[in-house]
Amino acid sequence: MMKTKNIIKSCVLLLSFGMMTVSCNDFLDVNDNPNSPSISSPSLALPVAQQSFASLNAISSINIGQYFVYNWTTPSNWSANQDLIRYNLTTNFGTTLFETPYASIFKDLTYIQNYEDPTGAVDYSAYNVMAMTIKGFQYQYLVDLYGDVPYTEANLRGANTTPVYDDAEFVYKANIDVLTEAATLALNLPGNAENPGDQDIIFGGDMDGWAAFANTVKLRMLVRLSNTGQDSYINEQIALINANGAGYITSDVVANPGYIDDSGKQSPFYGSFRNASTGNETDRGDYTVGTDYTIDYLINTSDPRLERIYAEAENGGYIGAEQSTILPGTGFTADDLSKVGPGLLTDSSQDQVIMLLSEALFLQAEATVRTYLPGADAAAQALYEEAIEQSFVYLGVTDPIVEAQTYYAQPLTNISWGSSADKVRAIITQKWIALNGTSSLESWIELTRTGFPSGLPIPAESDGVRPVRLLYPASELARNANNVPTQTATDAFTKNPFWK
């Protein structure tokens, strides 16, 4: 569990040092002196990098994911999110998902990894574990979303302003190796290693937690490879996970530096929907509503998570709309439709989700179905049902275990294990529900990988094909044109990730 944070100290640190880093627009940073970084020590750089990492996965990632797996739409009295609804993917779409990792997250983490105590008395291996794990997590998404990305020549600050792009599969496997190293190092730190304690806003310096998290991210990458004919490689890598003995995460992985009800210091996801102090809705809070398909699916399967994922409409009922920019003006306003629910928006100090335990359990369930993990059908079912239970717990359903057991006892396909002939389909469908509003970028990528959940609508105003990747940003095309892989606009819909 994450330790209690020192609110005043952490927030001051994040505000002060965050201003130094997150405003950077160019990950190559050609105007910075690479020999004179602006942050003075790993203990100061770490919470900034972690907060930038948490914020990226709280806002930009979730918003894109929620639209591409048909969980959110926009009411008729707003004109926001038209590019999302029309699948109008250009080189100016979703650019923060590429730019922020290189511009701030990787920059700070690389500084941490390169730092050496001038006296030689203090070892910073614990910080290196965290840097390697976060980089592995984020590089996975960069490859999943873009394909080839800068890796071997990236993060060199002014030493290389035009890094080459490395092969997507190479980057994946390189980071699988990094995650293996991170987990092993976390469990075998030198005696003089500094424990970051509360400066680590994710695990509070708990290295067993970091080892388990590294293993879990690695498992996610290995499961992504399940359709690539590399079972021998996958089994070898899972054997390395088993060998370190740390297992997988046993609780939600979250970040919290001490979020408070103050402007710029709220939990990122909450703060994008509610104004500080007043608690009134932001514009995003008013123009973000549920879709008809997803709300109807939850209603028709008697899923009590409905009232936690979505809020009752101001005019009554749980009502969604199709993804369309031309909804009727009557009956489809923000007051008529269900907005983001109380299970996702609790208060300004809420933890920011990085990875839910339910996701980790679904991963293990699929790995078991595919025989990468032992226990066969009985073990896979137990993991699947525990994952659903943990989803109910996270969302704050009343009496969650009992309610979850009642839910998955229904003899319905993709709910009851025994009633589901295609176990992977059931797992991914339930993962789609569990990650609604927290890690929906993962749901979109899993939809690309598996085709599940099947039957999700595609907006009528699109060209009828769901995106499978994003395009490299215009900023990168301008500054590194000789190395950026050639792409066309249609590649976003036709060029699947290497693991597909």
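Counting 0.36 nm for each residue step from residue 474 to residue 458 and taking away their Cα separation leaves a gain of 3.1 nm.
Once the convex hull of all Cα atoms in region 137-239 is built, its volume per residue stands at 128 Å³. State the Cα centre-to-centre distance between region 156-204 and region 224-286 in whole Å. Region 156-204 and region 224-286 have Cα centres spaced 17 Å from each other.
Each part reduced to its alpha carbon centroid, region 420-495 and region 311-388 end up 17 Å apart.
Pairs from the table (431/500; 107/500; 218/339; 173/495; 339/500; 218/431) lying more than 23 angstrom apart at Cα are 107/500; 218/339; 339/500.
On a per residue basis, the chain carries 36 Å² of accessible surface, using protein heavy atoms and a 1.4 Å probe.
Using only C-alpha atoms and all pairs of different ones, pull out the Kirkwood radius for region 157-311 in Å with one decimal.
19.8
Loop-located chymotrypsin sites (Phe, Trp or Tyr not before Pro) in region 238-281 (DSSP state other than H, G, I, E, B) with a sparse environment of at most 11 neighbouring Cβ atoms within 10 Å are absent.
Label zone (residue 486, point 7 Å along Cα-to-C-beta; backbone nitrogen cut-off 16 Å) within region 154-168: none.
Available extension along the chain between residue 116 and residue 402 is 97.8 nm, counting 0.36 nm per residue and deducting the alpha carbon span.
Here is the size of region 355-500 from its Cα atoms: Rg then Dmax, 18.4, 58 Å. With the helix formula -39500 (n - 2.57) applied to DSSP H stretches of n ≥ 4, the chain reaches a computed 222 nm mean residue ellipticity of -13500 deg cm²/dmol. Ligands, DNA and RNA left out, the 1.4 Å accessible surface of region 349-500 is 53% carbon and sulfur atoms. To the nearest 0.05, what FRET efficiency results for residue 90 and residue 153 with a Förster distance of 30 Å applied to their C-beta separation? Calculated value: 0.70.
The values are calculated or read from the model by the stated rules, or taken from the named source; none is laboratory data. Treat the numbers as computed from the prediction; the structure is a model and nothing was measured. FYI the Cβ positions are ideal-geometry reconstructions off the backbone, even for glycines, and counts take in every protein chain you see. To get the accessible areas, we keep the full protein, side chains included, count just its heavy atoms, and leave off ligands, DNA and RNA. Shrake-Rupley method; radii C 1.70, N 1.55, O 1.52, S 1.80 Å.
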